[in-house]
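K.L.:
The structure is given below, and queries will be raised subsequently.
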Amino acid sequence: MTALGFLYPGYSAEDDYPRIEQLLGSDIRLAVVHTDIGEDAHRVDALLEMGSADRLAAGVEEIRLAGAEALVWACTSASFVFGWEGAHEQVRALARTAGIPASSTSFAFAHAVRELGVRRVAIGATYPEDVAALFAAFLKAAGVEVVATRGSGIITAAEVGTWGRAEVTALARTADHPEAEAILLPDTALHTAAYVRDLESDLGKPVLTANQVTVWEALRLAARRVNAPALGTLFTKEPLVQAHG
């Protein structure tokens, strides 16, 4: 049995995690601990507070008690908003506090793109345009070429959590770009676990979604690989490189 820990901001699409655990069909247990997010807003000041060290540290003891072998801050916006170096410091602090390897969803996207062996991506974000642009800048710092970025102007995670298959499919289709080798949907408040395979079939290319890559990143940190076709190309490929960081 491998236990993996996730600090999840508030309550929006956390039911993706038991769904993913079921789809993994292995001896993997996903322990989700909810953090206090403060103000629910896709605004830079609110996101910096949401991802502050004190708010994250408050959930670490529960992760430790769950026996987790790795920990991921299951939030994209409240990690990339700190910038490349700041996001690194955020996960270093988490690792020190928890005493286990740690990462965040932002780094999960960077590592997953590398795993797929693609260079050019398109972003379909639920966020306002200015916040979506910060994610594009984060990926560029990771050496990823972003050929298109589309924001949706949604302010709260609570609203994003109400989106279903139709809205997620429309977001992915709108985000697609002829030069993009993969589509990225970067919001853990967005329900996507049930749709990844259909999205890839519809678009004809890999689709990386926030909760999907978050779980994959935790498995990577724990040196576990699970073949789970229902979770898309990322969970069916043999490793191209050993990603660190």
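The values are calculated or read from the model by the stated rules, or taken from the named source; none is laboratory data. Everything numeric here is computed off the predicted structure, so don't read it as measured data. All Cβ positions, even for glycine, are placed from backbone atoms using ideal geometry, and neighbour counts span all protein chains on display.
K.L.:
Which one of these does ILE100 not meet: (1) hydrophobic (A, V, I, L, M, F, W, C); (2) assigned by TED's automatic domain parsing to the domain that holds SER52; (3) out of contact with any Asp or Glu (no Cβ under 7 Å at 6 or more places or on another chain)?
P.N.:
Exception for ILE100: condition (3).
K.L.:
Could you grab me the full set of residues in region 35-56 that are touching a Cys at 6+ places or on another chain (Cβ under 9 Å) and under 20 Å from LEU134 (Cα atoms)?
P.N.:
Listed by number, the residues that qualify are ILE37, LEU47, MET50, GLY51.
K.L.:
May I pose another question? Considering only residues that are among the β-branched types (Val, Ile, Thr) and under 11 Å from HIS42 (Cα atoms), which ones fall in region 118-169?
P.N.:
Keep residues of region 118-169 that are among the β-branched types (Val, Ile, Thr), which gives 118, 121, 123, 126, 131, 144, 146-147, 149, 154-156, 160, 162, 168-169.
Within region 118-169, THR126, VAL131, ILE154, ILE155, THR156, VAL160 qualify.
K.L.:
Name the pairs whose Cβ atoms lie under 9 Å apart, with the first residue in region 160-179 and more than 13 Å from LEU190 (Cα to Cα), the second part of a loop (DSSP other than H, G, I, E, B), and 6 or more positions between them or separate chains?
P.N.:
The qualifying pairs are THR174/SER152; ALA175/ALA125; ASP176/LYS205.
K.L.:
Restricting to region 163-198, and then to whatever is under 18 Å from the mean Cα position of the chain (by Cα) and hydroxyl-bearing (Ser, Thr, Tyr), can you tell me which residue is surrounded by the most Cβ atoms within 10 Å (Cβ to Cβ)?
P.N.:
THR188
K.L.:
Another question about this same structure. Looking only at residues in region 221-242 that are of a type outside the set (Asp, Glu) and over 20 Å from GLN22 (Cβ atoms), which one is modelled with the highest pLDDT?
P.N.:
Just the residues of region 221-242 that are of a type outside the set (Asp, Glu), to begin with: 221-237, 239-242.
Narrowing the set further to residues that are over 20 Å from GLN22 (Cβ atoms) leaves 221, 223, 237, 239-242.
On the way: LEU221: 97, ALA223: 94, LYS237: 66, PRO239: 51, LEU240: 44, VAL241: 43, GLN242: 41.
The selected residue is LEU221.
K.L.:
Hey, another quick one. Residues that are of a type in the set (D, E, K, R) and within 24 Å of SER152 (Cα to Cα): which helices (runs of 4 or more DSSP H) entirely in region 11-58 hold 1 or more of them?
P.N.:
In region 11-58, 16-24, 44-50 are the helices (runs of 4 or more DSSP H) which contain 1 or more residues that are of a type in the set (D, E, K, R) and within 24 Å of SER152 (Cα to Cα).
K.L.:
In region 19-39, how many are of a type outside the set (A, V, I, L, M, F, W, C), modelled with pLDDT of 90 or more and surrounded by 15 or more Cβ atoms within 10 Å (Cβ to Cβ)?
P.N.:
The qualifying residues number 5.
K.L.:
Then there is this: Among the numbered criteria (1) in a loop (DSSP other than H, G, I, E, B); (2) modelled with pLDDT of 95 or more; (3) within 19 Å of ALA74 (Cα to Cα), which one does PRO178 miss?
P.N.:
Result: PRO178 passes all but (3).
K.L.:
If only one of ARG173, ARG220, ARG225 is farther than 28 Å from ARG92 by Cβ and not in a strand (DSSP E or B), which one is it? Reasoning before the result, please.
P.N.:
Working: ARG220 fails: farther than 28 Å from ARG92 by Cβ; ARG225 fails: farther than 28 Å from ARG92 by Cβ.
Checking each option against the conditions leaves just ARG173.
K.L.:
Tell me the residue from ALA74, ALA31, ALA66, ALA70 that is more than 26 Å from PRO229 (Cβ to Cβ), assigned by TED's automatic domain parsing to the domain that holds LEU219 and either touching a Leu at 6+ places or on another chain (Cβ under 6 Å) or not β-branched (Val, Ile, Thr) (or both), please.
P.N.:
ALA66
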